[in-house]
Structure formats: structure tokens, C-alpha cells
Amino acid sequence: MMIIRVERIKKNFSLNGQRILVLDDVSINIEEGEFVALLGPSGCGKSTLLSLLAGYFLPDEGEITINGSLSYMPQRDMLLPWLNVIENACLPAAIRHSMAETSARAEVKRLLPLFGLNNFGDSLPDQLSGGMRQRAALLRTYMAGGDFWLLDEPFGSLDALTREDLQEWFMDLQQEIKCGVLFVTHDINEALKLSSHIYALSPRPGRISGEWVAKAGFSLAKRELLKKEILMALQ
């Protein structure tokens with residue numbers, strides 16, 4: 001079952017009285033439960049595409065079809081500093097009135113170990129490491145209840161060791177909860193490691209410049225060949 005279909009969308013924005021074409025004739029298809037990486041240079045429209053999927057903007061041309069519900073996590077963790085981990089994670093349920101407060105808190109507490117936050121439910125964001133803040137933000141994303149997650153460079157601000165640790169953890173988590181993912185990243189190695197499908201966007205205006213299937217069982221030589229092909233497509 002296909003959950004997301006993006007067909008030939010275009011998106012313009014106005015800046016200082018000028019019309020800037022950000023995305024041009026972009027089409028992608030994403031299947032249920034699939035982990036898809038979206039690669040591209042800064043300013044090519046990756047975040048704009050996620051915002052279109054999340055419904056924050058409408059495309060100027062083209063069509064977006066979504067079967068199911070989405071949860072969206074922006075680049076920054078956006079944790080409210082005066083709320084603890086449990087309270088931050090409960091926000092989506094409170095906003096949507098989808099779950100009673102006591103039920104939401106009980107569900108978050110049950111999930112704390114799965115998200116690597118056991119014994120940190122009462123901690124404020126500034127008491128957490130960068131990696132733990134991202135885990136808390138991902139827990140909040142889970143509580144939003146989407147069948148499919150839109151993640152905008154969730155590990156981009158972390159140091160290399162923390163990022164690698166969270167990549168391994170997130171691969172296990174995704175298999176556990178069976179959610180689909182569209183994952184924006186600048187890092188080709190990260191895309192090859194995490195995803196089953198990769199799309200590349202060209203420099204602005206963003207157009208699909210390449211599409212690849214990535215498999216964990218690929219040999220090192222095959223992965224290096226894919227990496228070279230992706231690098232060429234991103235130029």
C-alpha cells in the first residue's frame with residue numbers, strides 16, 4: 001500500500017519582491033513502512049517538501065496524496081524548556097485531545113525505556129544531553145500518532161559519536177514500532193546506513209536528480225559505487 005504520492009509539485013516563495021522557485025516538478029512515491037532518505041545541498045527545498053507534506057503550505061502546482069496520518073519533527077528539537085520530558089512528550093495528545101492526560105502520561109512512562117529515557121521522565125530539557133533531547137523529541141513525535149514520520153535532519157546537530165549511537169538505536173526503534181519514515185539528511189553515509197530508498201534533490205530549484213534502492217546486505221564495494229553515483233547526482 002502506497003502511503004505518500006507526490007506528483008510533479010512546484011513551489012515558489014516571494015523574497016524582497018522577487019518570486020523564487022524552490023521546488024520544480026518533484027515526484028516521489030513512498031510505500032507503507034518504508035524508510036526513505038531525502039538528500040540534497042542546503043537550500044534545495046528538502047525542508048520545504050516536508051512542510052508541504054505536513055500541510056503547512058500548499059504546492060503551487062502538482063498534487064500530494066497521503067493515505068494515513070503523519071507526525072513531523074523539525075530540525076530543532078523544539079522541547080519546551082519549562083516542561084519535563086513526560087510533559088513535553090504528552091503535548092501532541094493534549095493538543096489533539098486524542099487521549100486523556102492520565103492515559104497519555106501512563107503511555108509516555110511505559111515508552112521511556114524503549115526511547116532510552118528511563119529515569120529521565122522528570123528531567124527538564126536543559127538537564128539532558130543532545131542525544132537524549134533528540135530521543136525525547138522522537139518520543140513526542142511518536143505520541144503524535146502518525147503512521148509515517150517526517151524527520152528533518154534529526155541527528156544533524158550531534159557530534160559524530162552520538163550521531164552514530166542514535167542511528168543504531170533508531171534503526172532498532174523503527175523496526176520495533178513499524179513506522180514509515182521520510183528522513184532529510186545531508187550525510188550520504190547516514191542515508192545509506194538507515195534507508196531502504198534514497199532520493200536526491202538538485203541545487204535550487206530542487207528537482208529529483210536521482211533515485212536508488214539501498215539494502216543493508218549490499219557489499220562494501222556496492223555501497224561505495226552507490227555513494228559515487230549519489231555524489232554525482234548532487235552536483
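Observations on the model:
- Test result for A89, surrounded by fewer than 14 Cβ atoms within 10 Å (Cβ to Cβ), of a type in the set (G, A, S) and outside the structural domain of L158 (by TED's automatic domain parsing): no
- Filtered by the rule that a residue be under 17 Å from Q75 (Cα atoms), outside any helix (DSSP H, G or I), under 15 Å from the mean Cα position of the chain (by Cα) and of a type outside the set (A, V, I, L, M, F, W, C), region 118-167 gives D152, E153, P154, G156, S157.
- Selection from region 135-188 of residues that are more than 25 Å from E31 (Cβ to Cβ) and either at pLDDT below 90 or not hydrophobic (A, V, I, L, M, F, W, C) (or both): R135, R140, G156, S157, L158, D159, A160, L161, T162, R163, E164, D165
- Members of region 163-202 found to be among the acidic types (D, E) and within 16 Å of E32 (Cα to Cα), listed by number: E176
Yes/no matrix, rows are residues, columns are (1) more than 26 Å from A191 (Cα to Cα); (2) assigned to a helix (DSSP H, G or I); (3) modelled with pLDDT of 95 or more:
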{"position": "C44", "(1), (2), (3)": "no, no, no"}
{"position": "S51", "(1), (2), (3)": "no, yes, no"}
{"position": "W82", "(1), (2), (3)": "yes, no, yes"}
{"position": "A94", "(1), (2), (3)": "yes, yes, no"}
{"position": "R105", "(1), (2), (3)": "yes, yes, no"}
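- Filtered residue count, region 156-169, keeping only those that are out of contact with any Phe, Trp or Tyr (no Cβ under 8 Å at 6 or more places or on another chain) and within 20 Å of L50 (Cβ to Cβ): 3
- Evaluated against (1) without any contact (Cβ under 8 Å) to a residue 40 or more places away in the chain; (2) under 20 Å from the mean Cα position of the chain (by Cα); (3) not in a helix (DSSP H, G or I), L114 falls short on exactly one condition, (1).
- Residues located in region 168-184, provided they are within 23 Å of R105 (Cβ to Cβ) and either of a type in the set (F, W, Y) or outside any helix (DSSP H, G or I) (or both): C179
- Number of the condition not met by K109 [criteria: (1) within 22 Å of the chain's Cα centre (by Cα); (2) in a helix (DSSP H, G or I)]: (1)
The values are calculated or read from the model by the stated rules, or taken from the named source; none is laboratory data. Please read these numbers as outputs of a predicted model, since none were measured by experiment. Note that each Cβ is placed from the backbone with ideal geometry, even for glycine, and that neighbours are counted across all protein chains shown.
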